[in-house]
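Here the structure is laid out as structure tokens; the discussion comes afterwards.
Since every read-out is calculated from the coordinates, none of them should be taken as a lab result. Because the structure is a prediction, the values reported are computed rather than measured. FYI the Cβ positions are ideal-geometry reconstructions off the backbone, even for glycines, and counts take in every protein chain you see.
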Amino acid sequence: MANFNRVILAGNLTRDPEMRYTPKGQAIAKITLAVNRNYTTETGEKREEVSFIDCDAFGKQAETLSTYMKKGRPLLIEGRLKQDTWEDKNTHQKQSKLKVVIDNFQFLGSRDSGQGGGAAPPDVSRAVPGPNAAPAADATSGADAAPDEDDVPF
């Protein structure tokens with residue numbers, strides 16, 4: 001049986017990224033996205049449901065998120081679900097929590113929207129691939145290079 005673990009979310013940061021480093025120097029940024037769902041009940045009443053999703057980014061991605069993202073800024077992320085489990089120190093009960101490990105992300109919104117912080121510089125305004133992403137095609141490699149997104153006719 002095949003397995004598939006992929007998550008794509010767009011939402012707003014609920015707080016500034018929490019940056020830390022492992023003893024070996026690996027950067028880790030923890031963020032929480034607020035993802036809204038608007039719907040209408042059977043009686044015609046409009047409702048909004050908000051989900052708060054914890055996410056982790058590693059390495060260069062963590063540093064980029066920490067530098068350019070602030071509370072309230074919109075962000076699109078792609079990643080995988082990971083379940084953390086631990087034992088509560090007081091009750092000795094097993095606890096668990098699902099979170100998203102970010103593989104790619106893209107800044108959303110305008111650069112000067114004024115929502116919470118600095119805008120992304122030109123070199124990181126597109127998706128920032130994670131450590132498991134395939135390398136991007138080099139535009140200078142000639143005829144064998146993949147066409148740019150702007151060159152695709154559809």
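Confirm whether Ile31 is under 19 Å from Gly109 (Cβ atoms) and out of contact with any Pro (no Cβ under 9 Å at 6 or more places or on another chain).
Details: under 19 Å from Gly109 (Cβ atoms): yes; out of contact with any Pro (no Cβ under 9 Å at 6 or more places or on another chain): no.
The answer is no for Ile31.
Here Asn36 does not fit the description of being over 16 Å from Leu76 (Cβ atoms) and out of contact with any Gly (no Cβ under 6 Å at 6 or more places or on another chain). Looking at region 63-74, is at least one residue touching a Lys or Arg at 6+ places or on another chain (Cβ under 9 Å), in contact (Cβ under 8 Å) with a residue 60 or more places away in the chain, part of a strand (DSSP E or B) and surrounded by 15 or more Cβ atoms within 10 Å (Cβ to Cβ)? Checked region 63-74: no residue is touching a Lys or Arg at 6+ places or on another chain (Cβ under 9 Å), in contact (Cβ under 8 Å) with a residue 60 or more places away in the chain, part of a strand (DSSP E or B) and surrounded by 15 or more Cβ atoms within 10 Å (Cβ to Cβ).
Does Gln106 satisfy the criteria of being of a type outside the set (Val, Ile, Thr), assigned to a strand (DSSP E or B), over 20 Å from the mean Cα position of the chain (by Cα) and surrounded by 10 or more Cβ atoms within 10 Å (Cβ to Cβ)? Criteria not met by Gln106.
The selection criterion, being closer than 14 Å to Leu9 by Cβ and in contact with a Phe, Trp or Tyr (Cβ under 8 Å, 6 or more places away or on another chain), does not hold for Leu98. Here Thr32 meets the list (1) in a strand (DSSP E or B); (2) out of contact with any Asp or Glu (no Cβ under 6 Å at 6 or more places or on another chain); (3) among the hydroxyl-bearing types (Ser, Thr, Tyr) almost entirely, failing just condition (2).
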